[in-house]
1. So if I check each of Thr34, Thr42, which one is of a type in the set (Ser, Thr, Tyr) and touching a residue at least 12 places away in the same chain (Cβ under 8 Å)?
2. In segment 363-382, which residue that is of a type in the set (A, V, I, L, M, F, W, C) and within 13 Å of ligand 1 (Cβ to nearest atom) is surrounded by the fewest Cβ atoms within 10 Å (Cβ to Cβ)?
3. In segment 198-213, which residue that is under 17 Å from the mean Cα position of the chain (by Cα) and part of a loop (DSSP other than H, G, I, E, B) is nearest to Val347 (Cα to Cα)?
4. Output yes when any residue across segment 383-396 is within 13 Å of ligand 1 (Cβ to nearest atom) and under 24 Å from Ala165 (Cβ atoms), and no when none is.
5. Of the numbered conditions (1) of a type outside the set (Gly, Ala, Ser); (2) touching a helix residue (DSSP H, G or I) at 6+ places or on another chain (Cβ under 9 Å); (3) surrounded by 24 or more Cβ atoms within 10 Å (Cβ to Cβ), Phe117 fails exactly one; give the number of that condition.
6. Check off (1) free of Cβ contacts under 8 Å to residues at least 40 places away in the same chain; (2) under 23 Å from the mean Cα position of the chain (by Cα); (3) assigned to a strand (DSSP E or B) for Thr341 and give me the number that stays unchecked.
7. For segment 62-108, what are the residues that are of a type in the set (Val, Ile, Thr) and more than 22 Å from Arg32 (Cα to Cα)?
8. May I ask you to verify whether Ala392 is under 19 Å from Lys178 (Cβ atoms), at pLDDT 95 or above and part of a helix (DSSP H, G or I)?
Amino acid sequence: MSGFATLDDVGDVRGKRALVRVDLNVPMQDGRVTDDTRLRATVPTVAELADKGAIVLLLAHFGRPKAPSREYSLAQVSDVYRSVLGRPVHFVDWEGDEAAVAALEPGDVAILENTRFFGGEEKNDAAVVKRFARLGDFYVNDAFSAAHRAHASTEGLAHLLPSFAGRAMEAELKALEKALGDPERPVAAIVGGAKVSTKIDVLKHLVAKVDHLIIGGGMANTFLAARGIDVGRSLAEHEMKETALAILEAAERANCTVHLPYDVVVATQFVPDPPSLRTCNVHEVAADEMILDIGPAAVEALADVLKTCRTLVWNGPLGAFETPPFDAATDALARTAAALTQEGSLVSVAGGGDTVAALNQAGVADDFTFVSTAGGAFLEWMEGKELPGVKALRGA
Ligand code: ADP
Ligand code: MG
């Protein structure tokens, strides 16, 4: 991979202490981990290093603690992590950590306490970077999801220790590079979700990069309204009119075709299967109706667009997918993208919290080329920004 070292370059690690930044920030309810996806993502790197005889020290944050407390202790995660990893896992508190680490043996794995128990972690404070660096002989960053933050454990350490991308980081960067760095053309991007205002930078970056920009969700309503279409009571940001028009103009200059829906699914109440449900042309939305999904004719046309494309990047659902039947368009287009990917004609990369939930709901997440669970980092990458954690690895 271009620009940084991976575990292939790390050499003989036997008896060496690896400081590995991972994402252990799992959702919890009543003291139980409700989704272990992030834990599973760390296994290839941790198992590889442990098998090669390194002393594997895991650095991670958990929640947003204001001060050290049991509520935010990573000790809560170590039991589940042990079963996910399938080998013993030590837990090391920040008190007496050096002695505890010195007692570990080659092949041992330990979770260090929450990095955010140090106030300087988020400030990338030099003293905290040094405090962490003392514990390790080399640094591995395997947390793409935290790479948009320049913290001591995500960025600072790469300047003090020999640094390597872990396997999950490597896979994520390769997939993203394939999708937007140097993609096979034509490239389509789907941008949906609630609001234009949260994704202006994404839209601006994409119009210059892709051949087709497909706009859905509440976002499409804002664009339709900007073009003078009456969207009734739909979620729309009317104050974003000038921004939306500027994006459409930029797309035209860049030869990027923007696809807005010509039919939509509307209702007067936002509830499951509302009696007022109907499908209509975008010009026929009544004053008391809300657009809650893009329509079937639009979906069919978009499926035809995807069939001509070689690459797809997707962020944001096309409708209010949590409330049926407003998941229909997202579901149908996701299934088309998945089928094209399986046929080998499309490279498909998707990301974003709600997008991942929607693809899981459609049952097709595994059929995409790559689905990123890194919410904020994925969006910043879609904005064309270089993530500080990745940049530091590159410079190391
Ligand atoms: P992601 O988390 O994947 O980046 P967003 O958070 O931007 O996606 O957007 C997801 C939200 O957008 C969902 O809660 C969905 O219900 C909402 N949404 C999509 N289309 C509409 C619509 N037409 N009206 C209201 N909400 C919508
Ligand atoms: Mg979201």
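The values are calculated or read from the model by the stated rules, or taken from the named source; none is laboratory data. Computed from a predicted model, the values in this text were never measured in an experiment. When we count neighbours, we look across all protein chains shown, and the Cβ atoms used for this are built from the backbone with ideal geometry, even at glycine.
1. Only one candidate passes the filter, namely Thr42.
2. We begin by selecting, within segment 363-382, every residue of a type in the set (A, V, I, L, M, F, W, C); these are 364-365, 368, 370-371, 374, 377-379, 381-382.
Retained after the next criterion (residues that are within 13 Å of ligand 1 (Cβ to nearest atom)): 365, 371, 374, 377-379, 381-382.
Working: Ala365: 18, Val371: 21, Ala374: 26, Ala377: 26, Phe378: 27, Leu379: 21, Trp381: 27, Met382: 27.
In this case the residue turns out to be Ala365.
3. Only one residue tops the list, namely Lys199.
4. Checking segment 383-396: at least one residue is within 13 Å of ligand 1 (Cβ to nearest atom) and under 24 Å from Ala165 (Cβ atoms).
5. Here Phe117 meets the rest and fails (3).
6. For Thr341, the failing item is (3).
7. Val101
8. Judged against the criteria, Ala392 is not a match.
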